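Trainee: Structure in structure tokens, see below.
The values are calculated or read from the model by the stated rules, or taken from the named source; none is laboratory data. Note that the structure is a prediction, hence the values are computed from the model and not measured. Using ideal geometry, Cβ is built from the backbone for each residue, glycine included, and neighbour counts are taken over all protein chains shown. Each accessible area value is taken on the protein alone, full model and side chains, heavy atoms only, with ligands, DNA and RNA left out. Shrake-Rupley method; radii C 1.70, N 1.55, O 1.52, S 1.80 Å.
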Amino acid sequence: MALGAGLLGAVSGFLGSFAVLRRQSLLGDALSHAALPGIALAFLITGGKATVPILIGAAVTGWVGTLVVRLIVRRSRVPYDAALGLVLSVFFGLGLVLLTVIQKRPDAAQAGLETYLFGQAAALLRADVIVMAVVATVVLLVLMLAWKEMKVLTFDRAYGESLGLPMGRLDGLVTALLVVTIVLGLQTVGVVLMSAMIVAPGAAARQWTRSLGSMVTVAAGIGVAAGVSGAVLSSLFPRLPTGPTIVLILSALVAVSLLMAPGRGLVWRRLQLGRLRGRPRQEPVLMHLHALSLQHPDDPEHGHEVSVLRTMSPPDTDVDAALTALAERGLAASDSKGLWAPTEMGRREAQRTLERLDRGDKR
Amino acid sequence: MNAAVVPAVEVEDLTVAYTGSPVLWDLDLQVLPGTRTAIVGPNGAGKSTLIKAVMGLIEPVAGAVRIFGKPGREVRGSIAYVPQRATLEWDFPTDVLDVVTMGTYGRLGWFRRPGPPERATAEAALEQVEMSSFAHRPIAQLSGGQQQRVLLARALAQDAEIYLLDEPFQGVDAPTERAIVRVLDDLATAGRTVVVVHHDLQTVAEYFNHVALLNVRIIAAGPVVTTFTDENLRLTFGGRVGVLAARTAMGD
């Protein structure tokens, strides 16, 4: 059962990375929400909660939803994302209405249909896990065989078409796999939060990686970790629905990634800026020290008073702080009389700066 | 008219329309091999659409496109496309060399990964646009001019016969502009055909030897010296929708 959730996490991570990069995240959301009426209808038609008809129903209405979106976009001036939102809400609302109708019926079999809203990993059967394993294998195969085509499809589809690569067919295949994944995931994570399952691993992974391959791998890893831990937690505490548990774990991972990832994380960037912010103020003061010392070529240790430096610097410069910082870095030193001079290291650093400016480097 | 020479690109009766209003109307155009043609016209004149139709990226309502006499679909690999860089999402996890290597994908089969030969081709292309030192730079960290050169290198890696560039000089810095012009010179020396959607009227005569003036219809097309006249420019850019003006010009 945790295996099923883990597999789902892996596949979601794989496919979701591409959805995130193609800015198609909302599509996954619309698909999963549009599946709800299908689930309800399948129950009404078959009278039971057998998995296969329910998943077929989910897939059908999900697919119909995408057709409606395409229709709206083609026939009206409604933009794509608005059409997605429209379909998402309308279909989901319809599904909720059907669910309430079902609940009003004096039918014991309908108990538990609401688990499709938020998922219950404990309800996974062995057969379901096998199906997910098959899907995972298919996705892996496709990715391995058509890796470069996937890369082009995601980055620059028009260019891929211009090369004669089968972008349309690959796009169709990937969308179909996405639909299947979403439908399979509905049991574990539920309609409402399945889109998070698709999007979160990719979004988190993007913060840590520089290559597509590592992004997809990391996303799969995140998906597996969240899936397994969420499923385990929700089975330990029976009143904890699986979907929200997994998604909470995913959200935490995304938050950590957004804040802490080297190079892109907000916290990391704030720290970098802080480190850099100090330096520019010190640099002019060092240059002034250097200029002063050049006036005494025979006596490099000749120090100067802080007031001289204050005169040379713009009025709002905290010269004392700069000098302290420079001293800490070993670039300047003061003698017993409080006179300041650059150290040997400081002179070399100043020289380097001059050369940089000469070359016209921007900093 | 050189009846004996097969045009590199031939467009016949091409009409493209989005939901009713025509973007390209009854276009006839011939691009001879080895020429450097600028496509010039006001905004919304259909310039990018023409490029895309030649590439086979959009379906025309009517008309045909032939590449060296054959239907476009059959000769996909022999045209290299350099799109407007704004159409791409540059926040993508990959580096410069990887993008340039995409130019070799058309040659590889379905399941083959790019290997050392493809890498060498890509590196040579990068050298041509003077971006060799950027090979492993993540593309999210590129400036506009660098992006443009990367897309150009990608097309060069294809080693195609025909190059279609969509506004490559738009908003690039001087070094990039010089690099692009150098590449165009190299392509001309190698006898390749180059078609460029160009926005800067000042440099048309300097960079190109042929020009096509486009405003939904072809107002005029031919060698720059004879075609790039004040009268034709006025017809292309000034006043009412190009269809009417063109009709008057062609004496319909």
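Trainee: Could you please report the charge total around A:L36, scoring K, R as +1 and D, E as -1 over all other residues with beta-carbon less than 15 angstrom from its beta-carbon?
Mentor: Spelling it out: positives minus negatives among the neighbours equals -1.
Trainee: Looking only at other chains, what is the average number of their beta-carbon atoms within 10 angstrom of each beta-carbon in A:159-170?
Mentor: Shielding by partners across A:159-170 averages 6.
Trainee: Averaged per residue, what accessible surface does the protein assembly as shown expose to a 1.4 Å probe, in Å²?
Mentor: 47 Å²
Trainee: Let's test this: bin the Cα-Cα distances of segment A:121-199 at 10 Å from zero up to the farthest pair and state each bin's percent.
Mentor: Result, from short to long distances: 17, 40, 29, 12, 2 percent.
Trainee: Per-residue Cβ counts within 10 Å, from other chains only, averaged over A:146-153: what number is that?
Mentor: Per residue, the average neighbour count from other chains is 4.
Trainee: Kirkwood Rh and Cα-based Rg: tell me the resulting Rg over Rh for segment B:1-82, rounded to two decimals.
Mentor: Taking Rh as the inverse mean 1/r over Cα pairs, Rg/Rh reads 0.95.
Trainee: Tell me, what does the Kirkwood hydrodynamic radius of segment A:1-121 come to in angstroms if you use every pair of distinct C-alpha atoms?
Mentor: After inverting the mean inverse Cα-Cα distance, the result is 15.5 Å.
Trainee: Okay, moving on. Can you tell me the equivalent ellipsoid semi-axes for segment B:81-128? Use √(5λ) from the Cα gyration tensor, largest first, whole Å.
Mentor: Each semi-axis is √(5λ); the values are 20, 14, 11 Å.
Trainee: Checking a compactness column here: for chain B, what do you get for Rg(Cα) / (2.2 N^0.38 Å), N being the number of residues?
Mentor: So chain B has a normalised radius of gyration of 1.02.
Trainee: Hull surface divided by four, with the convex hull built on the Cα atoms of the protein assembly as shown: how many nm²?
Mentor: Averaged projected hull area, Cα only: 39.3 nm².
Trainee: So what is the 222 nm mean residue ellipticity for chain B from helices alone, if each DSSP H run of at least 4 adds -39500 (n - 2.57) and you divide by all residues, rounding to the nearest 500 deg cm²/dmol?
Mentor: -9500 deg cm²/dmol
Trainee: When Cβ neighbours within 10 Å are restricted to other protein chains, what is their mean count per residue of peptide B:137-144?
Mentor: Per residue, the number of nearby Cβ atoms from other chains is 1 on average.
Trainee: If you don't mind, there's one more thing I want to ask. In percent, how large is the relative contact order of chain A, given Cα pairs closer than 8 Å and 6 or more residues apart?
Mentor: Result for chain A is 22 percent.
Trainee: Can you list the residues of segment B:34-72 whose accessible area drops by at least 30 Å² going from the chain on its own to the full set of protein chains, with a 1.4 Å probe?
Mentor: Buried-area filter returns B:L57.
Trainee: In addition: Which FRET efficiency value, to the nearest 0.05, do you get for A:R269 and A:A327 by plugging their Cβ-Cβ distance into 1/(1 + (r/R0)^6) with R0 = 25 Å?
Mentor: Using R0 = 25 Å, I get an efficiency of 0.30.
Trainee: Order the peptides A:251-262, B:81-92 from the highest to the lowest mean number of other Cβ atoms within 10 Å of their residues.
Mentor: B:81-92, A:251-262
Trainee: Arranged from highest to lowest average of other beta-carbon atoms within 10 Å per residue, in what order do the peptides A:284-293, B:137-146, B:119-128, B:151-160 appear?
Mentor: Descending mean neighbour count gives B:151-160, A:284-293, B:119-128, B:137-146.
Trainee: In square angstrom and rounded to 100, what buried accessible area do you get between chains A and B, total over both, with the probe at 1.4 Å?
Mentor: 2800 Å²
Trainee: Using only Cα atoms, figure out Rg for chain A and give it as a multiple of 2.2 N^0.38 Å.
Mentor: My calculation over the Cα atoms of chain A gives 1.47.
Trainee: When you take every Cα atom in segment A:50-114, what is the radius of gyration, and what is Dmax, the widest Cα pair distance, in Å?
Mentor: 14.8, 46
Trainee: Report the FRET efficiency, 1/(1 + (r/R0)^6), for B:D173 and A:A133, where r is their Cβ-Cβ distance and R0 is 60 Å, rounded to 0.05.
Mentor: 0.70
Trainee: Over segment B:21-139, what number does the Rg to Rh ratio reach, with both radii from the alpha-carbon atoms and Rh per Kirkwood?
Mentor: Here the Rg-to-Rh quotient is 1.01.
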